Each structure stands twice: as structure tokens, then as C-alpha cells.
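Only one structure is covered here, and it is reproduced in the block below.
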Amino acid sequence: MNAGASRPADAWLDGLKEGGRLIMPLTTARNFAGPLEFSRPSGAVFHITRRGDDYDACFVGQIAVFPCEGMRDEASEQALATAFDKGGYRDVKRLRRTDDVADEDCWVKASGWSLTYH
């Protein structure tokens, strides 16, 4: 993937074989509105690895990149903006294909997906 999405696509995750990896930039609209603020990021890259029906996630670094056409979801984008404002992205450990996760376990949670600390 080489553009900023506001959520992971099911097709990208479905296409990963066991042990398969995805480098996934997640960004907000703020990422494209002006200069990048490293003290308050609006985009980050995560390394995702498939482990059966589970997905490990690891923060790679901050990013500013053009938007991924067709992968911008307003609810996910707002959830991401809130998550970047609160911090904690470096502690992400799992990508879950559900939003049925306790709020305190999530860095970001939107309809159908979440990035969690456990």
C-alpha cells in the first residue's frame, strides 16, 4: 500500500497468507491540510502480520502521504484523529477485525475494526 487510508480494507487482510505482512499507512484529513506536526501526528505506518485469524500490529513511524482514493471513511478518520490526539500509537500490538473490544484496550476503534494494546 502506498497511500494513506483511514481504515484497513478487508480485501488486504483477507489476501494475507499465514505469516503474511502488510505495511499500512493510516492517515487523517489533517495529514493533507498543512505542514506535518511531529509533536501531534496525523498519520502513522503500522506493520501488520497475519497469525491465523489474528493480526499482530506494530508502529513503524509517522507519515505524511497522499490519500488512498476509495479508502477514506469519515467515521474511521474521526476515530483516527481522536486517537492521534491522545497518543499511544507506539503501544499498538494488534489489529482486530471487530469493534467489539473494550474502549480501554483500544488505541483506535471504528465500525468493524480496531487497533489495540493487547
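A few notes on this one:
- Criterion (farther than 20 Å from residue 13 by Cα and either exposed (fewer than 13 other Cβ atoms within 10 Å of the Cβ) or among the β-branched types (Val, Ile, Thr) (or both)) met by exactly one of 65, 101: 65
- Residue check, residue 60 in a loop (DSSP other than H, G, I, E, B) and in contact (Cβ under 8 Å) with a residue 24 or more places away in the chain: no
- Scanning the stretch 74-91 for residues that are among the acidic types (Asp, Glu) and surrounded by 14 or more Cβ atoms within 10 Å (Cβ to Cβ) turns up just one, 77.
- Neighbours by Cβ (under 6 Å, 6+ apart or cross-chain): first from the stretch 84-112, closer than 23 Å to residue 29 by Cβ and at pLDDT 95 or above; second buried (at least 17 other Cβ atoms within 10 Å of the Cβ) and of a type in the set (Lys, Arg): 99/109
- Subset of the stretch 65-86 that is in a helix (DSSP H, G or I) and either in contact with an Asp or Glu (Cβ under 6 Å, 6 or more places away or on another chain) or hydrophobic (A, V, I, L, M, F, W, C) (or both) - its residue that is nearest to residue 109 (Cα to Cα): 79
- Residue tally, condition farther than 17 Å from residue 14 by Cβ and open to solvent by 50 Å² or more (accessible area, probe 1.4 Å), over the stretch 41-61: 3
- Qualifying residues in the stretch 27-40 (those that are modelled with pLDDT of 75 or more and open to solvent by less than 30 Å² (accessible area, probe 1.4 Å)) - the one farthest from residue 2 (Cα to Cα): 28
The values are calculated or read from the model by the stated rules, or taken from the named source; none is laboratory data. Quantities reported herein were computed from a predicted structural model and do not represent experimental measurements. Please note: Cβ atoms are built from the backbone with ideal geometry, for glycine as well, and neighbour counts cover all protein chains shown. The accessibility values were calculated without ligands, DNA or RNA, using every heavy atom of the protein model including side chains. Shrake-Rupley method; radii C 1.70, N 1.55, O 1.52, S 1.80 Å.
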